[in-house]
Amino acid sequence: MPVGVCMWFGEMAVNITERLGGRRVTREEAREIVDRCEELGLIHMSRNTTDEIDFMCNCDRWHCEVVGQVLKQPRPGLVFNSGFQPTFTAERCVACETCINRCPPEALTMGEGKLPVVNTDRCFGCGVCATGCPEGAIAMETKPGFPVPPKTAKELVTALRNSVQGRN
Ligand code: SF4
Ligand code: SF4
């Protein structure tokens, strides 16, 4: 399991390097880490806001507690979701099944036309299929009807609070 691949940015990164023994890296090193994580099929994760992103985890499906719990659900795509889904270009796909084997929630199966088919109840939009396709046959597109995430952490807390109150 790769270690040292989760990152903090900005003020939190300063606190973590000074107090908790985090390692400071350059932009180039950070980019190399992200590329290595993509090769390994790790899942980029962060807070669900459009701005103020201050951390990025690169989660391993077999060891990350959060991802592990979500994968135990029958419909992981309803528990968390990036708001994106894969689309496949038939002319490029060679039916190698790399994407099917890389997909953490096992959301892909090979369709009758030798083109992968996505189960949107299981897909959480991680993009691991797209980054691993040797033919560049997969693009990630916005999921139709998916709400735009809140802008800031404060707005996210408000949205979550309203959502919980709406259910009660
Ligand atoms: S990895 Fe790419 S080429 Fe291989 S089956 Fe999936 S979409 Fe097709
Ligand atoms: S984006 Fe691709 S790898 Fe990720 S869950 Fe959906 S189908 Fe699987």
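Provide, in order from the shortest bin, the percent of all Cα-Cα pairs of the stretch 67-144 in each 5 Å bin, continuing until the bin that contains the maximum pair distance.
Result, from short to long distances: 3, 18, 29, 25, 15, 7, 2, 0 percent.
Direction-averaged shadow area of the convex hull around the Cα atoms of the stretch 38-99, nm²?
Over all viewing directions, the stretch 38-99 projects a mean Cα-hull area of 6.0 nm².
Could you give the semi-axes, largest first, of the ellipsoid that matches the stretch 1-60, computed as the square roots of 5 times the alpha carbon gyration tensor eigenvalues and rounded to whole Å?
18, 15, 11
Among rounded, prolate and oblate, which fits the stretch 1-109 when a ≥ b ≥ c are the square roots of the eigenvalues of its C-alpha gyration tensor, a/c under 1.5 means rounded, and a/b larger than b/c means prolate?
The shape class here is prolate.
Pairs on different chains or at least eight residues apart, Cα atoms closer than 29 Å: how many lysine pairs in the chain fit? Intermediate results must be reported in sequence, preceding the final value.
Numbers: Lys72/Lys114; Lys72/Lys143; Lys114/Lys143; Lys143/Lys151; Lys143/Lys154.
Lysine pairs meeting both conditions in the chain amount to 5.
Between the stretch 76-118 and the stretch 152-168, what's the alpha-carbon centroid distance in Å?
After rounding, the separation between the Cα centres reads 32 Å.
Once fully extended, how much extra length lies between Ile100 and Lys72, figured as 0.36 nm per residue of separation less the alpha-carbon to alpha-carbon distance?
Once the chain is fully extended between Ile100 and Lys72, it gains 8.3 nm.
Rounded to the nearest angstrom and ordered from largest down, what semi-axes does the equivalent ellipsoid of the stretch 36-168 get from its C-alpha gyration tensor (root of 5λ)?
28, 16, 15
Students often check this: by mean Cβ neighbours within 10 Å, which of 12-21, 103-112, 158-167 ranks highest, and how do the rest follow?
103-112, 12-21, 158-167
By the scheme Lys and Arg +1, Asp and Glu -1, what is the net charge of all other residues having a beta-carbon under 9 Å from that of Gln85?
0
In whole Å, what are the extents of the stretch 123-168 along the principal axes defined by its C-alpha atoms, from largest to smallest?
47, 21, 15
Assuming 0.36 nm per residue, please report the length gained on full extension of the stretch Lys151 to Lys114 beyond their Cα-Cα distance.
Length difference between fully extended and current span is 9.3 nm.
So, counting K/R as plus one and D/E as minus one, what does the shell of residues with Cβ under 11 Å around Gly10 add up to?
Counting the neighbours of Gly10, the net charge comes to -3.
List every residue whose amide H lies under 5 Å from the amide H of Phe55, counting only residues 5 or more places away in sequence or on a different chain, with H placed 1.01 Å from N in the peptide plane.
Residues meeting the amide H criterion: Phe9, Arg47.
Once the other residues with Cβ under 14 Å from the Cβ of Arg31 are scored (Lys, Arg +1; Asp, Glu -1), what is the net sum? Could you put the intermediate results ahead of the total?
Working: positive: Arg27, Arg36; negative: Glu28, Glu29, Glu32, Asp35, Glu38, Glu39.
Around Arg31, the surrounding residues sum to -4.
Bear in mind that the values in this text are calculations on the coordinates, not laboratory data. On a predicted model such as this, the values are computed, not experimentally measured, just so you know. In this analysis, Cβ positions are derived from the backbone assuming ideal geometry, glycine residues included, and neighbour counts consider all displayed protein chains.
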